[in-house]
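S.K.: I have a structure here, written as structure tokens, and I will follow up with some questions on it.
The values are calculated or read from the model by the stated rules, or taken from the named source; none is laboratory data. Everything quoted here is computed from the prediction, not taken from an experiment. Cβ placement follows ideal geometry from the backbone for every residue including glycine, while neighbour counts extend to all protein chains displayed. Accessible surface areas use protein heavy atoms only, side chains included; no ligands, DNA or RNA. Shrake-Rupley method; radii C 1.70, N 1.55, O 1.52, S 1.80 Å.
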Amino acid sequence: MDMHTVVVGTSGTTAEDVVAVARHGARVELSAAAVEALAAARLIVDALAAKPEPVYGVSTGFGALASRHISPELRAQLQRNIVRSHAAGMGPRVEREVVRALVFLRLKTVASGHTGVRPEVAQTMADLLNAGITPVVHEYGSLGCSGDLAPLSHCALTLMGEGDAEGPDGTVRPAGELLAAHGITPVELREKEGLALLNGTDGMLGMLVMALADLKNLYTSADITAALSLEALLGTDKVLAPELHAIRPHPGQGVSADNMLRVLAGSGLTGHHQDDAPRVQDAYSVRCAPQVNGAGRDTLDYAAVVAGRELASSVDNPVVLPDGRVESNGNFHGAPVAYVLDFLAIVAADLGSICERRTDRLLDKNRSHGLPPFLADDAGVDSGLMIAQYTQAALVSEMKRLAVPSSADSIPSSAMQEDHVSMGWSAARKLRTAVDNLARIVAVELYAATRAVEIRAAQGMTPAPASQAAVAALRAAGAEGPGPDRFLAPDLAAADTFVREGRLVAAVEPVTGPLA
């Protein structure tokens with residue numbers, strides 16, 4: 001077994017495994033314990049299916065139709081029908097990594113032995129992932145309760161050999177053709193299996209896990225860009241002293257301050273408050289960067305705790321318990337995940353906002369303490385980075401709209417049986433957009449701050465070694481330095497990729513040591 005294989009057991013999974021499968025194509029295997037648990041739970045479901053008494057999900061209809069007892073000869077049709085009817089998504093296709101996370105996390109719950117699904121169905125889910133077959137899932141259709149029904153239904157439809165899916169070559173084809181091409185036999189669903197494949201928070205959870213991975217990089221990157229902006233504005237690093245942050249012991253605040261202090265070590269630009277333009281204090285966007293960045297870091301930590309609990313959970317309704325009971329429950333409700341998805345959109349918006357304020361300060365000759373207007377080469381002939389800040393401001397404005405919580409909304413459905421829903425899928429979708437926008441916002445600040453630092457160097461000042469490393473790496477990545485106006489979009493795109501891929505952090509860490 002190599003490092004690229006993720007083994008799915010009975011006790012959940014890790015965030016690292018989700019990212020490995022969703023983004024990096026790691027292979028998936030079922031553990032022997034999972035296969036044993038699957039088989040044991042299936043025996044319980046089969047025994048209940050043979051009894052005359054109705055059991056929800058086994059021998060009844062679903063949701064508001066749960067009062068109807070379904071005769072044995074119609075139960076296979078019932079399971080097929082729930083998948084077909086619930087695969088009712090609309091709109092653009094959801095990203096491949098999200099769908100892979102969706103399938104993997106549903107497999108995680110199935111493998112727990114609490115769903116009553118047969119081992120061969122779980123194995124087919126693993127085979128689908130390993131073959132690189134990705135069900136076509138649409139943007140709209142989930143209310144986040146009973147989990148992500150429509151998205152998961154489109155995945156289950158692929159397991160049945162129906163609907164459309166994307167092959168490993170990126171071509172969308174009928175699912176039956178793709179399964180046949182990879183030697184995978186479509187599943188024929190039995191009692192409870194259709195319901196068990198649909199009833200989970202897997203989509204919103206997968207998007208939460210990947211957002212946390214992306215935001216961890218972006219928060220460290222934002223600490224670096226904040227330090228670069230402080231340096232370029234000739235600010236003071238005294239506000240980063242650890243003894244100041246120790247008396248307000250929010251963990252993230254101390255971490256961000258330490259990151260910034262290490263980036264600024266050895267700078268010849270900081271601490272010039274009493275030079276040509278006396279200042280008593282730096283502006284809030286400069287001085288309070290550790291407080292804002294740090295509060296966001298603490299929010300990420302809380303969201304990671306919630307994600308960890310959900311990754312350890314078995315989310316289905318009904319569930320098979322070890323004592324042989326099959327019990328209905330409300331564990332599919334997405335509220336715990338939805339709340340933190342919304343919380344992350346709020347802190348991402350605020351981080352974007354403070355980044356933009358520092359960028360604007362770098363470009364304003366009245367507040368930049370000796371930098372040229374808009375960091376232009378020949379102001380008036382050149383506009384410099386004027387419109388780069390416009391783009392950044394437009395992104396920040398969008399971030400504020402995306403920060404409006406989805407989880408505060410609820411639209412009753414299923415004839416009022418599902419009369420309170422989480423909207424967690426919607427919270428996750430808008431968070432993905434927010435994370436993308438945040439990377440662009442940080443990239444614009446980086447681009448402006450590195451240009452400003454280079455201008456300071458040309459004025460005879462010596463930037464910190466870490467700042468010099470960041471500038472050199474960004475220039476090598478294709479984002480050019482100061483000079484006459486040029487087509488700016490390619491430079492900003494290069495800076496965006498540089499930040500998004502973690503290359504800013506990688507560029508400074510050989511100087512600073514590992515940053516948190």
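S.K.: For the stretch 464-509 and the stretch 102-134, compute the distance between their C-alpha centroids and round to whole Å.
M.R.: The two parts, judged by their Cα centres, are 42 Å apart.
S.K.: Ok, one more. For the chain, just run the numbers: alpha carbon Rg, then divide by 2.2 N^0.38 Å, N being how many residues it has. Don't skip to the end; give the middle numbers.
M.R.: Values: Rg = 26.5 Å, N = 516, 2.2 N^0.38 = 23.6 Å.
Output field value: 1.12.
S.K.: Also, quick follow-up: What is the angle, in °, between the Cα long axis of helix 251-264 and the longest principal axis of the Cα atoms in the chain? Nearest 10 is fine, range 0 to 90.
M.R.: 40
S.K.: Could the peptides 253-262, 85-94 be put in order, highest first, of the mean number of other beta-carbon atoms found within 10 Å of their residues?
M.R.: The densest-packed peptide leads the list: 253-262, 85-94.
S.K.: Each residue of the stretch 511-516 in turn: what ³J(HN,Hα) in whole Hz from Karplus with 6.51, -1.76, 1.60 and θ = phi - 60°, glycine and Pro shown as x?
M.R.: Coupling constants for the stretch 511-516: 8, 7, x, x, 9, 7 Hz.
S.K.: Round to a whole number: what % of the accessible area of the chain belongs to carbon and sulfur, probe 1.4 Å?
M.R.: C and S fraction of accessible area: 57 percent.
S.K.: If you rank LYS365, LYS192, LYS430, LYS238 by how much accessible surface each has, with a 1.4 Å probe, what is the order from largest down?
M.R.: Descending order: LYS238, LYS365, LYS430, LYS192.
S.K.: Also, quick follow-up: Which cross-chain or sequence-distant (5 or more) residues have an amide H under 5 Å from the amide H of THR60, H modelled 1.01 Å from N in plane?
M.R.: Excluding prolines and chain starts, which carry no amide H, the hits are VAL55, ILE70.
S.K.: Expressed as a rounded percentage, what relative contact order does the stretch 280-410 have, with Cα pairs under 8 Å and six or more residues apart?
M.R.: Over the stretch 280-410, the number comes to 24 percent.
S.K.: Hey, which lysines would be in cross-link range of LYS51, C-alpha to C-alpha under 25 Å, not counting anything within fewer than 8 residues on its own chain?
M.R.: LYS192
S.K.: Okay, next question. Sequence neighbours fewer than 8 away in the same chain don't count; with that in mind, list the lysines whose C-alpha is under 29 Å from LYS400.
M.R.: LYS216, LYS365, LYS430
S.K.: Same structure, new question: Quick check: the angle from helix 489-500's long axis to the longest principal axis of the chain, C-alpha only, nearest 10 degrees?
M.R.: 60
S.K.: Further question: Taking the mean number of other Cβ atoms within 10 Å as a proxy for protection, how do you rank 462-474, 211-223 from highest to lowest?
M.R.: 211-223, 462-474
S.K.: Shifting gears a bit: Please report the base-10 log of the normalised intensity I(q)/I(0) for the stretch 277-417, using a Debye sum with one equal scatterer per alpha carbon and no solvent, at each q in 0.12, 0.14, 0.20 (1/Å).
M.R.: -0.71, -0.84, -1.21
S.K.: Also: For the stretch 405-493, what is the charge dipole size about the Cα centre, in debye to the nearest 20, if Lys and Arg each add +1 at the Cβ and Asp and Glu each add -1 at the Cβ? Working shown, then result.
M.R.: Details: 8 positive and 9 negative charges, 63 e Å.
For this selection, approximately 300 debye.
S.K.: I would also like to ask the following. Going by alpha carbons, how many degrees (0 to 90, nearest 10) lie between the helix axis of 119-131 and the longest principal axis of the chain?
M.R.: That helix lies at roughly 40 degrees to the long axis.
S.K.: Tally Lys and Arg at +1 and Asp and Glu at -1 over the other residues with C-beta under 15 Å from the C-beta of VAL381: what net charge comes out?
M.R.: So the environment of VAL381 carries a net charge of -3.
S.K.: To continue, here is another question. Between GLU53 and HIS250, what FRET efficiency follows from the Cβ-Cβ distance if R0 is 45 Å, with the result rounded to 0.05?
M.R.: 0.20
S.K.: Remind me, relative contact order of the chain in percent, using alpha carbon pairs under 8 angstrom and six or more residues apart? It would help to have the intermediate numbers written out before the result.
M.R.: Numbers: 1007 pairs, mean separation 84.1, N = 516.
That works out to 16 percent.
S.K.: On to the next question. Can you tell me the dipole magnitude for the chain around its Cα centre, using point charges on the Cβ only (Lys, Arg +1; Asp, Glu -1), in Debye to the nearest 20? List each step's numbers first, then the result.
M.R.: Working: 43 positive and 59 negative charges, 81 e Å.
Dipole about the Cα centre, nearest 20: 380 debye.
S.K.: Please report the relative contact order for the stretch 118-246, taking Cα pairs under 8 Å with a sequence separation of at least 6, and give it as a percent rounded to a whole number.
M.R.: Result for the stretch 118-246 is 23 percent.
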